[in-house]
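Undergrad: What follows is a structure written as structure tokens; I'll ask about it next.
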Amino acid sequence: MTYEFCKGLCFLLVSLFCKIEVEGKDVFPKTGPFILASNHISYLDPEVVGMVCPRQLNYLAKEELFKNKLAAAFLKKINVIPIKRGHADLHVLRLSLKILEDRPLLIFPQGTRATNYDSFKEGVGFLYKKSQAPVIVAKVYGTDKVLPKGARFLRFGKIKVIFARVEGLEGQNTRHQVTAKVIETIKSL
């Protein structure tokens, strides 16, 4: 209930400032798990991807967001899991695989906000190799203009989100190859 309320509230708030366009919503399975991998250009990306995705998501987010006890309790209530950046967090990897037994998981392969794709983490490749869950990508445009780095308030603008299914992952032998294919798919949108 908290998730759906927050999703609606985000949609209302963002809609006041932005025109939102979405393509590819038909790629999502009606039930079961999937990995949703998205580019990350603004702090607004998790909210935007979550509010336009037709399914309830579980999120991985940097552990620094959980320092405040009230914020931590709220984030956990809306399916956000803290992850230690910079090294393999085995507890979170196990939890992610448990989630991917029957529910979707959103991950940002870049690991942090970035406008380029020069460096990426291989978590999406690891999770795919272990779970065999379908991988869907999202490419978000405009959130970096609506909520630029350092801004405290939303600005007027247009946001576009394109979803696509990643095909041909079965032939990829390593988690690096899987992740590279996912990144290439995001870049192509």
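The values are calculated or read from the model by the stated rules, or taken from the named source; none is laboratory data. Keep in mind that what you see is a predicted model, and the values were worked out from it rather than measured. For neighbour counting, all protein chains shown are included, and Cβ atoms are generated from backbone atoms with ideal geometry for every residue, glycine included.
Undergrad: Where residues in the range 168-183 are touching a strand residue (DSSP E or B) at 6+ places or on another chain (Cβ under 9 Å) and without any contact (Cβ under 8 Å) to a residue 60 or more places away in the chain, which of them is farthest from residue 40 (Cα to Cα)?
TA: So in the range 168-183, the residues touching a strand residue (DSSP E or B) at 6+ places or on another chain (Cβ under 9 Å) come out as 169, 178-179, 181-183.
Imposing the further condition that a residue be without any contact (Cβ under 8 Å) to a residue 60 or more places away in the chain reduces the set to 169, 178, 181.
Working: 169: 22, 178: 19, 181: 17 Å.
Here the answer is 169.
Undergrad: Still on this structure: Among the residues of the range 1-41, count how many are part of a loop (DSSP other than H, G, I, E, B), of a type in the set (S, T, N, Q) and in contact with a strand residue (DSSP E or B) (Cβ under 8 Å, 6 or more places away or on another chain).
TA: 1
Undergrad: If residue 64 satisfies every condition in (1) farther than 26 Å from residue 156 by Cα; (2) modelled with pLDDT of 90 or more; (3) assigned to a helix (DSSP H, G or I); (4) of a type outside the set (Ser, Thr, Tyr) but one, which is the exception?
TA: (2)
Undergrad: Out of the range 161-175, which residues are at pLDDT 90 or above and of a type in the set (S, T, N, Q)?
TA: 174
Undergrad: A further question follows. List the residue pairs whose Cβ atoms are under 8 Å apart, where the first residue sits in the range 50-68 and is farther than 13 Å from residue 8 by Cα, the second is modelled with pLDDT of 90 or more and of a type in the set (D, E, K, R), and the two are 6 or more positions apart or on different chains.
TA: Here the result reads 58/103, each pair linking the range 50-68 to a residue that is modelled with pLDDT of 90 or more and of a type in the set (D, E, K, R).
Undergrad: Test residue 157 against the stated conditions and say whether it is in contact with a Phe, Trp or Tyr (Cβ under 9 Å, 6 or more places away or on another chain) and in contact (Cβ under 8 Å) with a residue 24 or more places away in the chain. Please lay out each step first, then the result.
TA: Numbers: in contact with a Phe, Trp or Tyr (Cβ under 9 Å, 6 or more places away or on another chain): yes; in contact (Cβ under 8 Å) with a residue 24 or more places away in the chain: yes.
Yes; evaluated as a whole, the condition is true for this residue.
Undergrad: Also, quick follow-up: Restrict the check to the range 30-52 and report whether at least one residue is within 19 Å of residue 166 (Cβ to Cβ), crowded, with 16+ Cβ neighbours inside 10 Å and of a type in the set (Phe, Trp, Tyr).
TA: The answer is yes, given that some residue of the range 30-52 is within 19 Å of residue 166 (Cβ to Cβ), crowded, with 16+ Cβ neighbours inside 10 Å and of a type in the set (Phe, Trp, Tyr).
Undergrad: Follow-up. If you check residue 54 against the conditions, is it over 17 Å from residue 141 (Cβ atoms), of a type outside the set (Phe, Trp, Tyr), assigned to a loop (DSSP other than H, G, I, E, B) and out of contact with any Pro (no Cβ under 8 Å at 6 or more places or on another chain)?
TA: Values: over 17 Å from residue 141 (Cβ atoms): yes; of a type outside the set (Phe, Trp, Tyr): yes; assigned to a loop (DSSP other than H, G, I, E, B): yes; out of contact with any Pro (no Cβ under 8 Å at 6 or more places or on another chain): yes.
Considered against the rule, which asks whether it is over 17 Å from residue 141 (Cβ atoms), of a type outside the set (Phe, Trp, Tyr), assigned to a loop (DSSP other than H, G, I, E, B) and out of contact with any Pro (no Cβ under 8 Å at 6 or more places or on another chain), residue 54 comes out as yes.
Undergrad: Moving on to the next point. So, in the range 53-102, of the ones that are closer than 18 Å to residue 124 by Cβ and of a type in the set (D, E, K, R), which residue ends up surrounded by the most Cβ atoms within 10 Å (Cβ to Cβ)?
TA: Across the range 53-102, the extreme among qualifying residues is 89.
Undergrad: Given the criterion over 20 Å from residue 140 (Cβ atoms), aliphatic (A, V, I, L, M) and modelled with pLDDT under 90, identify the matching residue among 93, 70. Spell out the reasoning first.
TA: Working: 70 fails: modelled with pLDDT under 90.
Of the residues listed, the single one that is over 20 Å from residue 140 (Cβ atoms), aliphatic (A, V, I, L, M) and modelled with pLDDT under 90 is 93.
Undergrad: I've got another one for you. Which of the residues belonging to the range 137-155 are touching a strand residue (DSSP E or B) at 6+ places or on another chain (Cβ under 7 Å) and either of a type in the set (A, V, I, L, M, F, W, C) or part of a helix (DSSP H, G or I) (or both)? It would help to see each step written out before you state the result.
TA: Applying the first criterion (touching a strand residue (DSSP E or B) at 6+ places or on another chain (Cβ under 7 Å)) to the range 137-155 yields 137-143, 145-146.
Matches in the range 137-155: 137, 138, 140, 143, 145, 146.
Undergrad: Please go through the range 74-101 and pick out each residue that is touching a strand residue (DSSP E or B) at 6+ places or on another chain (Cβ under 9 Å) and on the phi > 0 side of the Ramachandran plot.
TA: 79
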